[in-house]
Amino acid sequence: MLNTLTILLVTLSTVCCYDCYDNKCHGWGKLSGVYKDCDQQDHYCDYEDNGLPLCVSGYNGGGVFCKDGSEVHCDTHRNGSAYCWYPLNKTLLWVEAVGGALLLAILLGCCWKRRTEKVLQPNYGAAGNPGYPLKY
């Protein structure tokens, strides 16, 4: 059963291709913190008998699939695992900036309007009668 699963995984790894590939192999067991550089686009990781990482050529290794996008960039973490990143959409940033400025203008306009209306409202005295502040 394990042999069948291994053959299936190796076969699938040759058929499907990742968008971004890992660039390091790590050890096994007590040596799991040991890393070895390995471009897994053309290589895959394995282990020596003692647990040291081994970079073997032939098939592609580990990686990640990226979301569809017009522009995708690949990078790797310090441990060698790959990840995708996407540049910021400049049009979207421009729309958000204009929208934010417009919202700020509306809020300031409303606050200014309320403030000026409050100043012009009549002053109600203690008896509830409308009156205006006296000028001395």
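One table, with the values for the structure above:
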item	result
Boolean, LYS90 is loosely packed, with under 10 Cβ neighbours inside 10 Å, modelled with pLDDT under 75 and of a type in the set (Lys, Arg)	yes
Selection from the stretch 28-62 of residues that are in contact with an Asp or Glu (Cβ under 7 Å, 6 or more places away or on another chain) and part of a loop (DSSP other than H, G, I, E, B)	GLN40, ASN60, GLY61, GLY62
Sole exception among (1) part of a loop (DSSP other than H, G, I, E, B); (2) at pLDDT 80 or above for CYS25, by number	(1)
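Every residue, every condition in (1) within 22 Å of the chain's Cα centre (by Cα); (2) modelled with pLDDT of 70 or more; (3) within 30 Å of VAL34 (Cβ to Cβ), yes or no:
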| residue | (1), (2), (3) |
| --- | --- |
| GLY51 | no, yes, yes |
| GLY69 | yes, no, no |
| HIS77 | yes, yes, yes |
| CYS84 | yes, yes, yes |
| GLY99 | no, yes, no |
| LEU120 | no, no, no |
| PRO130 | no, no, no |
| TYR136 | no, no, no |
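The values are calculated or read from the model by the stated rules, or taken from the named source; none is laboratory data. Just so we're clear, the structure is a prediction, and the values are computed from it rather than from any experiment. All Cβ positions, even for glycine, are placed from backbone atoms using ideal geometry, and neighbour counts span all protein chains on display.
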